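No lab work stands behind these numbers, since they all come straight from the coordinates. Note that this is a predicted model, so its numbers are computed, not measured. Quick reminder, even Gly has a Cβ in these numbers, built from the backbone with ideal geometry, and neighbours come from all protein chains shown.
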Amino acid sequence: MTWDRSVPTHPIERPKVVYVEVPKAGCTSVKTMLSPLKGGPPQPWEDVHHWFGYTHARDHHQLGEWMRGRWSRYFRFTVVREPVARFESYFYGRMNPEEDINEYALHQLANDGDIHAARQVDILGPFLSIFDFVGRLEYPQQITEVLQHQLRRKVVMPHLNASEGERTRLNREALRAIRSHYRADFALLGYGR
C-alpha cells in the first residue's frame, strides 16, 4: 500500500471537535472514545474505522489551512506516539511473521510507502501550533482528562489493539536506523530517546 500523502481527519459537528489521526498512535482507541459523539458505538460486527468515516486533507499543508479556516472554532487535537514504539507496532501488526524486524528496519523502512510507517511530521506537518492539544499515547489519562474538560462530558479511552506475542529485540544497528528515519519526529514531538 502506498500512501498518497492525504491526512485522515475526523470532524464532529456537536460538540465542535476535530481529531487528526496518526495511524498506529491509538487511533482505534481514540475513535472508540469519540464514537458516542457520532451516535455510536458501532455495532459489534462493524469496524470502528469504517463506521467513523474519514475526511481527508490532501496533505499537511491543506490540513493547516483547514485548521486555520473551516475548523478554527473547533477543538483541534491529535494523538502521537513515541517513534520506535510506533514502528514496532506497525511492524508486528503486519501479516508476515517470517520477516525479521532488524532486517526490515535496516533495509526496507526508509522505502516503506505505508502511512502506518510514515513519519508523524509528514502526516501532521511541522507546526503543532495548529492543534489545541497534542496528546501522547503514553499518557492516556491526560488525553481523557483534557477531552473531558473540553467536551464537558465523561469520556473513556479504552486500551485496544494491544500488541501480543513474541517480539525480537531490536539490535543497535536497527535502532540507529529507526532513530535516523524518525529523527524529525523525535525533534518535533519532543521524544528524547
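For the reader, a short list of remarks on this structure follows.
- Extension gain, Thr168 back to Gln150 (0.36 nm per residue minus Cα-Cα distance, nm): 2.4 nm
- Placed amide H near Val17: partners under 5 Å, 5+ positions off or other chain: Ile12, Phe75
- Karplus-derived 3J(HN,Hα), 6.51/-1.76/1.60, for each residue of segment 2-13, Hz, glycine and proline x: 9, 6, 8, 6, 6, 10, x, 10, 9, x, 10, 5
- Remark on Trp3: its backbone amide H falls under 5 Å from those of Asp114, Ile115, a criterion applied only to residues 5 or more positions apart or on other chains, H modelled at 1.01 Å from N.
- P(r) tail fraction, segment 83-163 - alpha-carbon pairs more than 17 Å apart, %: 61 percent
- Maximal additional length on extending the Ser72-Leu128 stretch stands at 18.7 nm, based on 0.36 nm per residue less the C-alpha distance.
- In this label model, Arg179 and Gln141 are separated by 2.9 nm, measuring between points 7 Å along each Cα→Cβ vector.
- Over the chain, dividing the summed -39,500 (n - 2.57) contributions of all DSSP H runs of at least 4 residues by the number of residues returns a 222 nm mean residue ellipticity of -10500 deg cm²/dmol.
- Under the Karplus curve 6.51 cos²θ - 1.76 cosθ + 1.60, θ = phi - 60°, whole-Hz ³J(HN,Hα) for segment 170-187, x wherever Gly or Pro sits: 5, 7, 4, 4, 5, 4, 4, 5, 5, 4, 5, 4, 9, 3, 5, 5, 4, 5
- In Hz, Karplus ³J(HN,Hα) per residue of segment 121-130 (6.51, -1.76, 1.60; θ = phi - 60°; x = Gly, Pro): 5, 6, 7, 8, x, x, 10, 6, 5, 6
- Distances between placed amide hydrogens fall under 5 Å for Ala57 paired with Val7, Thr9, all partners being 5 or more residues away or on another chain.
- Note on segment 7-189: the alpha carbon radius of gyration divided by the globular reference 2.2 N^0.38 Å gives 1.06.
- Summing charges over neighbours of Ser89, with a neighbour being any other residue whose Cβ is under 11 Å away from its Cβ, gives +3 when K and R count +1 and D and E count -1.
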